[in-house]
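One structure is given below, encoded as structure tokens.
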Amino acid sequence: WRVVDVQVFPSTYGPSLEMAIDGGRLGELSLYAVRPGAFDVRPVTVAEASDAKAAHWQLGEVAYALIGRGDAEDLRRAATRLSDSLY
């Protein structure tokens, strides 16, 4: 993966971050991290809308979404590897 761009946005519970990523065989990806205001641990779940897919999860005080247009199962596996690396 290669980070192409990073932006920081204000949000209610602290800054959020969005990264544009060249995901190699996964294509163009966007990784978003935000503090949702509640502590929770949620496993990776994939949602699909039109041609976009989002794998989202939460670890403690930060929620994440990895968004792409490729195969949903490939995106889920990538998000799971990323989530596991954050412990």
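Key figures for this structure:
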item: Arg81 versus Phe39: modelled label distance in nm, points set 7 Å from Cα along the beta carbon direction; result: 3.1 nm
item: Mean projection area, nm², convex hull over Cα of region 1-51; result: 4.8 nm²
item: Computed helical MRE - 222 nm, the chain, DSSP H runs ≥ 4 contributing -39500 (n - 2.57), nearest 500; result: -5000 deg cm²/dmol
item: Percent carbon-and-sulfur accessible area, the chain, ignoring ligands, DNA and RNA, probe 1.4 Å; result: 54 percent
item: Tilt relative to the chain, helix 72-85 - C-alpha long axis, 0 to 90 degrees, to 10; result: 40 degrees
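The values are calculated or read from the model by the stated rules, or taken from the named source; none is laboratory data. These figures come from a predicted structure and were not determined experimentally. Note that we place each Cβ from the backbone using ideal geometry, even for glycine, and neighbour counts take in every protein chain shown. We work out accessible area using only protein heavy atoms, side chains counted, and drop any ligands, DNA or RNA first. Shrake-Rupley method; radii C 1.70, N 1.55, O 1.52, S 1.80 Å.
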